[in-house]
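Structure in structure tokens, see below.
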Amino acid sequence: MKNLRTENRIIAGENSRVTILGHPDVTVPCQVRDFSKSGLCITVEQPISSGRIVKVEWDDHFLVGRAQQVSATGTNFRVGLELLYCSKWNETMTSMLATAG
């Protein structure tokens, strides 16, 4: 499979939780697989429809993103999220992402 990513990514592997925003909101466990300056990839046990807005929370931080790509991986689903807002992004994070390879 050809890698079409244009941004450096950092492997994370953090356990977290994701809230699928809607009426009602649904919160499920997830694992943050990796991230870049414009988004991140999570793994969840249920599919999240493309276009849905979600909130991923870990430690004292959170990210709001839009589900872009969803693919089944065994019994889980890998979801690529477009970054809309992240409480953790700052100059240090931006520098780290720029030099990651």
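No value in this document is a laboratory result; all are computed from the given coordinates. Everything numeric in this text was worked out from a predicted model, so none of it was measured. Positions of Cβ are generated from backbone atoms using ideal geometry, with glycine treated the same way; all protein chains shown enter the neighbour counts.
Need the full-extension length gain, VAL70 to TRP58, defined as separation in residues times 0.36 nm minus the C-alpha distance. One decimal, nm.
On the way: separation 12, 0.36 × 12 = 4.32 nm, distance 2.11 nm.
Extending this stretch completely gives an extra 2.2 nm.
In whole Hz, with x marking every Gly and Pro, tabulate ³J(HN,Hα) for the stretch 9-17 from phi via Karplus 6.51 cos²θ - 1.76 cosθ + 1.60, θ = phi - 60°.
10, 10, 6, 10, x, 8, 6, 7, 9
A further question on this structure: Just to check I understand the Karplus step: with θ = phi - 60° and J = 6.51 cos²θ - 1.76 cosθ + 1.60, what whole-Hz values come out for the stretch 20-27, glycine and proline as x?
For the stretch 20-27, the Karplus-derived couplings read 7, 6, x, 10, x, 5, 10, 10 Hz, x marking Gly and Pro.
Return the equivalent ellipsoid semi-axes of the stretch 1-89 as a descending list in whole Å, where each equals the square root of 5 times an eigenvalue of the C-alpha gyration tensor. It would help to have the intermediate numbers written out before the result.
Working: eigenvalues 65, 51, 31 Å².
With the √(5λ) rule applied to the stretch 1-89, the semi-axes are 18, 16, 13 Å.
Starting at the first residue of the stretch 44-50, write each ³J(HN,Hα) from the Karplus equation 6.51 cos²θ - 1.76 cosθ + 1.60 with θ = phi - 60°, in whole Hz, x for Gly and Pro.
Calculated HN-Hα couplings, in order: 10, 8, 9, x, 10, 5, 4 Hz.
Arrange the peptides 40-51, 65-76 so that the one whose residues have, on average, the most other Cβ atoms within 10 Å appears first.
Values: 40-51: 15.9, 65-76: 12.9.
Ranked from most to least packed, the peptides come out as 40-51, 65-76.
Still on this model: Give me the net charge of ALA67's neighbourhood, meaning all other residues with Cβ under 10 Å from the Cβ of ALA67; Lys, Arg count +1, Asp, Glu -1.
Working: positive: ARG52, ARG66; negative: GLU82.
That works out to +1.
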